[in-house]
Amino acid sequence: MTRGSGPRARAPRCNQNSGTQVTDTPMTTLETERTLLARLRAWYSAEDANPTKRVQFDRPLTPWLFVLPQLAVVAIFFYWPSVQAVTSSFYIEDPFGFGSTFVGMENYGDAVTSSQYRDTALFTAFFCVVVTALSLGLGLLLAVKADKVIRGTETYKTLLISVYAIAPPVAGLMGMMFFDMHMGPIKDLFALFGHDLRVGIDYWDTAIALITISVWKQIPYNFIFFLSGLQSVPVPVREAALIDARSGWRRFRDVILPLLAPTAFFLLIINITYTMFDTFPIIDVIVKDKPANNPMTLVYKVYLDGFKGNDIGGSSAQSVILMVVVAALTVLQFRFLERRVHYG
Amino acid sequence: MAGLSLQGVGKTYSGNVDAVTGVEIEIADGEFIVLVGPSGCGKSTLLRMVAGLETVTRGEIRIGDRVVNRLDPADRDIAMVFQNYALYPHMSVRDNMAYGLKNRGESRAVIDERVAEAARMLELGPYLDRKPRALSGGQRQRVAMGRAIVRQPAAFLFDEPLSNLDAKLRVSMRGEIRRLQRRLGTTSLYVTHDQLEAMTLADRLVVLNGGRVEQIGAPLEVYRSPASTFVAGFIGSPAMNLLDARVEGGRVVLEDQAIGGAELPEGPVTLGLRPEDLRLVQAGGLALRLDYVEELGAQRILHGFVGGQPLSVAEAGAAPLSDVVRVAVREDRLHLFETRSGHRIERAGLAAMEPAE
């Protein structure tokens with residue numbers, strides 16, 4: 001609506017301007033000036049010959065200006081490094097930066113055939129499934145329970161969400177203290193059950209710590225989305241279900257859950273990305289400088305090989321593989337899962 | 001199928017807000033009862049208490065001979081039609097109707113048969129496999145009705161089911177609801193704020209105001225002898241004129257003009273005059289100073305003042321009007337109310353008027 005009225009609203013002012021010019025400017029100059037001015041103005045405000053084609057913006061450059069920062073961010077922090085990664089994955093870099101040799105697919109071959117890489121990949125898959133399942137499940141459970149709370153809802157919600165405000169490295173550090181070999185309360189808890197928890201030394205003990213901290217960190221995020229999803233289920237629909245089904249579980253399974261599916265699908269993709277990439281700081285805090293063979297995800301191995309092992313080519317190849325796998329995974333999810341999602 | 005009985009039913013929300021107080025209604029099996037009143041009068045709360053969607057603070061609700069106060073909505077043997085349809089958006093029309101039956105463990109054959117029957121009754125056959133979002137408002141409302149019908153409940157509860165539809169559709173759906181209810185003979189409780197809908201649908205009206213029952217009665221009974229100024233002003237369109245008058249020497253006097261007899265003690269009364277009971281006359285009657293005229297086609301409504309008090313007249317004529325017209329009042333159509341309490345004052349002669357109509 002406003003876009004239509006904009007140029008028209010300016011029109012009278014333009015007439016006023018030329019009106020004042022009549023007094024001290026010769027007629028001819030005025031004519032040329034007016035056409036020039038009109039053309040400039042037309043270009044400036046994109047008043048082209050076909051007014052139906054004119055979209056949201058009055059000036060042709062404005063939309064580009066708006067997109068520019070985003071485009072710049074994407075170009076500088078995604079496209080450029082991606083191109084760099086793909087290029088350097090075909091080279092073996094001298095550890096001291098004295099040059100590089102083109103080796104073709106050799107880096108990829110090395111990565112795929114390495115048993116260490118395969119173990120890390122397997123652990124990453126395991127880690128991904130467990131963390132996603134647990135954080136989605138617990139987030140949903142808490143959201144369902146919080147949705148039923150009537151008194152003190154705000155306090156309850158804030159308490160649950162506040163964990164999300166903790167930066168991952170801090171979460172890692174806090175987790176580290178809980179799991180500490182000398183003073184951690186969780187170690188004492190495990191000791192009660194007769195298990196000597198040795199995070200950073202025993203492979204699976206470390207895995208337990210990684211999973212626990214990663215899940216803990218991600219629950220609030222899932223909780224917020226599930227809660228808002230639950231609260232957007234129309235009250236009359238819930239009430240209709242109340243009349244149609246006595247069992248609360250059935251109502252949840254048949255009515256609420258299908259209506260939550262879009263939220264759940266979105267969260268699934270976000271959570272997989274989270275476990276793949278964003279758990280890096282947590283892993284870093286837990287396994288850094290630990291001597292033993294500790295579990296880690298592919299991202300952390302990329303970092304370790306590239307920056308600790310100075311194998312830029314190999315780590316680039318790994319990161320390209322990772323990128324392809326995650327992209328493929330996302331495409332698969334959209335193709336096979338989204339079909340079963342009902343959007344309102 | 002069963003009757004419905006509400007005894008001393010009340011609802012108090014936290015913070016001592018009384019939404020509904022002391023409601024007593026006995027509903028016979030198969031009766032169509034309409035709860036009507038302005039918004040906030042507690043009619044929806046009352047309906048929701050019957051449905052089990054609100055707890056009952058006081059009193060007792062019976063469906064058939066079961067006290068249902070503490071029963072789950074699913075166990076009350078009722079079906080509800082909501083204002084905004086409340087269909088399950090992810091289920092097809094068929095599944096929407098079948099869901100309640102499935103949960104009650106009905107066999108596949110029974111479910112299919114009942115859904116088919118309801119679909120036939122409501123002309124929903126071609127839409128059974130569609131999702132609600134692919135249906136129009138009227139069709140959705142019919143699906144909601146179908147969902148209620150297939151349950152074959154003891155009572156239907158309608159919560160303003162037509163208020164989301166456009167005016168024309170509302171009128172035709174109104175007829176459809178009435179026909180269906182007659183045919184199925186299911187006890188129905190229907191909530192609306194629309195007095196026209198209430199009048200046309202109800203076997204008996206329950207007029208609510210501020211959480212209390214003002215009057216219960218057949219539509220014409222309520223129209224002809226409203227129990228209070230509130231009912232008088234709410235039922236009937238255009239609304240009844242309520243004027244300040246006095247009783248002097250056995251006559252009702254409005255603006256210094258005697259307009260009818262009344263065996264009442266002297267003092268102020270509220271005089272009720274239905275616009276459609278007033279007639280324009282050449283001479284005599286009350287002088288009405290015209291303010292404006294609403295032309296409705298079949299009739300026109302004249303708004304004006306008698307003395308300082310507003311008065312409207314509904315009449316079918318089309319003759320040009322002068323600034324001041326004369327209005328005659330039929331003495332047997334006067335309504336009198338106590339000025340202080342608003343209660344109706346029954347007059348000799350008023351009761352005699354009813355059979356004459």
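The values are calculated or read from the model by the stated rules, or taken from the named source; none is laboratory data. Because the structure is a prediction, the values reported are computed rather than measured. Positions of Cβ are backbone-derived with ideal geometry, glycine not excepted, and every protein chain shown enters the neighbour counts. To get the accessible areas, we keep the full protein, side chains included, count just its heavy atoms, and leave off ligands, DNA and RNA. Shrake-Rupley method; radii C 1.70, N 1.55, O 1.52, S 1.80 Å.
A few points about this structure:
- Scanning the stretch A:255-283 for residues that are among the β-branched types (Val, Ile, Thr), buried (at least 16 other Cβ atoms within 10 Å of the Cβ) and more than 7 Å from every other protein chain (Cβ to nearest Cβ) turns up A:Ile256, A:Thr263, A:Ile269, A:Ile270, A:Ile272, A:Thr275, A:Thr279, A:Ile282, A:Ile283.
- Going through (1) surrounded by fewer than 22 Cβ atoms within 10 Å (Cβ to Cβ); (2) away from every other protein chain (no Cβ under 14 Å) one by one, B:Cys41 falls short only on (1).
- Condition broken by B:Ile61, with the remaining ones in (1) at the interface with chain A (Cβ under 10 Å from one of its Cβ atoms); (2) open to solvent by less than 60 Å² (accessible area, probe 1.4 Å) satisfied: (1)
- Boolean, A:Gly200 is buried (at least 19 other Cβ atoms within 10 Å of the Cβ) and at positive phi: yes
Here's the yes/no breakdown for (1) more than 10 Å from chain B (Cβ to nearest Cβ); (2) open to solvent by less than 70 Å² (accessible area, probe 1.4 Å):
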residue	(1), (2)
A:Met183	yes, no
A:Ala191	yes, yes
A:Ile208	yes, yes
A:Ile213	yes, yes
A:Ile219	yes, yes
A:Leu227	yes, yes
A:Ala241	no, yes
A:Trp249	yes, no
A:Arg253	yes, no
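- Matching residues, the stretch B:35-45, being under 18 Å from B:Ile61 (Cβ atoms) and under 14 Å from the mean Cα position of the chain (by Cα): B:Leu35, B:Gly42, B:Lys43, B:Ser44
- Residue in the stretch B:91-100 that is open to solvent by 40 Å² or more (accessible area, probe 1.4 Å) and at the interface with another protein chain (Cβ under 7 Å from one of its Cβ atoms) present: no
- So A:Val299, is it β-branched (Val, Ile, Thr) and within 24 Å of A:Phe223 (Cβ to Cβ): no
- B:Ala74 being facing chain A (nearest Cβ under 8 Å), surrounded by 18 or more Cβ atoms within 10 Å (Cβ to Cβ) and either closer than 26 Å to B:Arg212 by Cα or in contact with a Phe, Trp or Tyr (Cβ under 7 Å, 6 or more places away or on another chain) (or both): no
- Within the stretch A:127-146, not a single residue is of a type in the set (Phe, Trp, Tyr) and without any contact (Cβ under 8 Å) to a residue 40 or more places away in the chain.
- The number of residues in the stretch B:269-326 that are open to solvent by 50 Å² or more (accessible area, probe 1.4 Å), within 23 Å of B:Thr339 (Cβ to Cβ) and modelled with pLDDT of 90 or more comes to 2.
- Just one residue in the set A:Ile256, A:Ile211, A:Ile243 is at pLDDT 90 or above, assigned to a helix (DSSP H, G or I), touching a Phe, Trp or Tyr at 6+ places or on another chain (Cβ under 9 Å) and β-branched (Val, Ile, Thr); that residue is A:Ile211.
- Yes/no for A:Glu106 being more than 26 Å from the chain's Cα centre (by Cα), among the charged types (D, E, K, R) and not assigned by TED's automatic domain parsing to the domain that holds A:Lys301: yes
- Checking A:Thr275, A:Thr330 one by one, the residue that is in the same structural domain as A:Met174 (by TED's automatic domain parsing) and modelled with pLDDT of 90 or more is A:Thr275 and no other.
- Screening B:Ala119, B:Ala109 for residues that are more than 13 Å from chain A (Cβ to nearest Cβ), open to solvent by 60 Å² or more (accessible area, probe 1.4 Å) and either within 16 Å of A:Arg238 (Cα to Cα) or in a helix (DSSP H, G or I) (or both) leaves exactly one candidate, B:Ala109.
- Among (1) farther than 30 Å from B:Ala28 by Cα; (2) open to solvent by 60 Å² or more (accessible area, probe 1.4 Å), the one test that B:Asn164 misses: (1)
- Test: residue in the stretch B:124-144 that is within 14 Å of another protein chain (Cβ to nearest Cβ), among the small types (Gly, Ala, Ser), closer than 29 Å to B:Gly40 by Cβ and surrounded by fewer than 23 Cβ atoms within 10 Å (Cβ to Cβ): no
- Test: residue in the stretch B:89-100 that is within 26 Å of the chain's Cα centre (by Cα) and among the hydroxyl-bearing types (Ser, Thr, Tyr): no
- Residue match in the stretch A:56-69 (condition: surrounded by fewer than 10 Cβ atoms within 10 Å (Cβ to Cβ), modelled with pLDDT under 85 and outside the structural domain of A:Leu304 (by TED's automatic domain parsing)): yes
- Extreme residue, farthest from the other protein chains (Cβ to nearest Cβ), among residues of the stretch B:49-58 that are over 11 Å from B:Leu4 (Cα atoms) and among the hydrophobic types (A, V, I, L, M, F, W, C): B:Val56
- Those residues of the stretch A:229-239 which are under 23 Å from B:Lys102 (Cβ atoms) and either more than 14 Å from chain B (Cβ to nearest Cβ) or over 26 Å from the mean Cα position of the chain (by Cα) (or both), in sequence order: A:Pro234, A:Val235, A:Pro236, A:Val237, A:Arg238, A:Glu239
- Scan the stretch B:290-309 for residues that are closer than 18 Å to B:Val253 by Cα, in a strand (DSSP E or B) and more than 29 Å from the chain's Cα centre (by Cα) and the total you get is 2.
- Residue check, B:Gly210 free of Cβ contacts under 8 Å to residues at least 24 places away in the same chain and either touching a Lys or Arg at 6+ places or on another chain (Cβ under 8 Å) or surrounded by fewer than 16 Cβ atoms within 10 Å (Cβ to Cβ) (or both): no
- Search result, residues across the stretch A:284-304 that are open to solvent by 10 Å² or more (accessible area, probe 1.4 Å) and either of a type in the set (Ser, Thr, Tyr) or within 14 Å of chain B (Cβ to nearest Cβ) (or both): A:Tyr303
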